[in-house]
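Enquirer: Sending over a structure as structure tokens; questions will come in a sec.
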């Protein structure tokens, strides 16, 4: 069964600290994996895309990794800011369908 | 360039009443999606359009939900009659590349059924 699981479900960190969000998937076939950021009351916005051949990709303070062998991805946030408070959703694409994780709710406190 | 536009942003109705949501995708995006998102959950696909054709409506509760995209541009999602369990955020998304491209989401329509 095609599934995307994210952990932790929620996370609270102090401003300035780093954190890592996890995404495990069983989706097959694999085309790409995206991390989306969803601010409260807004629609998700893509942060980064990972294809099969990519291991690491950075977008500012966000760094995504992909291990296609173990079917795991992570999103590392460096030097967190209050504006990073949001839900982060992992989405795996087969080339024809999108499979969504349930998201990790991140709260950054001052 | 304008993003995906949805309306209304918020809607409160009593159960058994009808409700409709409207979505205008990004210009040139032929693929349009309607998702439902419950609190603390990821979006769940309701229906996907390629131009005016519904290519995946397997998860759409057809007894009370209907959707249309008559001219292959904007789309309407209707619920009639609404039930308490329909309270959720209804997200519209569009993409340039069918099935594999980046999804561009609207800000959603939050429905509360009393």
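The values are calculated or read from the model by the stated rules, or taken from the named source; none is laboratory data. The structure presented is a predicted model; accordingly, all values stated were derived computationally and were not measured. Counting neighbours? That spans all protein chains shown, and the Cβs are built from the backbone with ideal geometry, glycine included.
Enquirer: In the stretch A:41-58, which residue that is surrounded by 16 or more Cβ atoms within 10 Å (Cβ to Cβ) and more than 19 Å from residue B:44 (Cβ to Cβ) is nearest to the other protein chains (Cβ to nearest Cβ)?
Expert: A:49
Enquirer: Another one. Checking residue B:80 against (1) crowded, with 19+ Cβ neighbours inside 10 Å; (2) more than 14 Å from chain A (Cβ to nearest Cβ): exactly one of these is not met. Which one?
Expert: All conditions are met except number (1).
Enquirer: Follow-up. Based on this model, can you work out whether residue B:60 counts as surrounded by 15 or more Cβ atoms within 10 Å (Cβ to Cβ) and within 12 Å of chain A (Cβ to nearest Cβ)?
Expert: Against the criterion (surrounded by 15 or more Cβ atoms within 10 Å (Cβ to Cβ) and within 12 Å of chain A (Cβ to nearest Cβ)), residue B:60 does not qualify.
Enquirer: Follow-up question, since we're still on this one. Residues of the stretch B:83-96 being more than 13 Å from the chain's Cα centre (by Cα) and crowded, with 20+ Cβ neighbours inside 10 Å, which ones?
Expert: B:95
Enquirer: Go through the stretch A:5-40 and give me each residue that's closer than 17 Å to residue A:105 by Cβ and within 12 Å of chain B (Cβ to nearest Cβ).
Expert: Within the stretch A:5-40, A:5, A:6, A:9, A:10, A:23, A:35, A:36, A:37, A:38, A:39, A:40 meet the criteria.
Enquirer: Based on what the data block shows, is residue B:51 closer than 22 Å to residue A:89 by Cβ and exposed (fewer than 15 other Cβ atoms within 10 Å of the Cβ)?
Expert: no
Enquirer: Oh, and also: Kindly provide the set of residues from the stretch A:86-110 that are buried (at least 18 other Cβ atoms within 10 Å of the Cβ) and more than 14 Å from every other protein chain (Cβ to nearest Cβ), ordered by number.
Expert: Scanning the stretch A:86-110 gives a single hit, A:108.
Enquirer: Something else: As an exercise: evaluate residue A:61 against (1) more than 10 Å from chain B (Cβ to nearest Cβ); (2) touching a helix residue (DSSP H, G or I) at 6+ places or on another chain (Cβ under 9 Å); (3) within 22 Å of residue B:89 (Cβ to Cβ) and give the number of the one condition it does not meet.
Expert: The number of the failed condition is (3).
Enquirer: Next up: Report yes if residue A:1 is more than 25 Å from residue B:92 (Cβ to Cβ), out of contact with any helix residue (DSSP H, G or I) (no Cβ under 7 Å at 6 or more places or on another chain), at pLDDT below 95 and more than 11 Å from chain B (Cβ to nearest Cβ), otherwise no.
Expert: So residue A:1 passes the test.
Enquirer: While we're on this one: Regarding the stretch A:7-19, can at least one residue be identified that is under 24 Å from residue B:95 (Cβ atoms) and crowded, with 17+ Cβ neighbours inside 10 Å?
Expert: Among the residues of the stretch A:7-19, not one is under 24 Å from residue B:95 (Cβ atoms) and crowded, with 17+ Cβ neighbours inside 10 Å, which makes the answer no.
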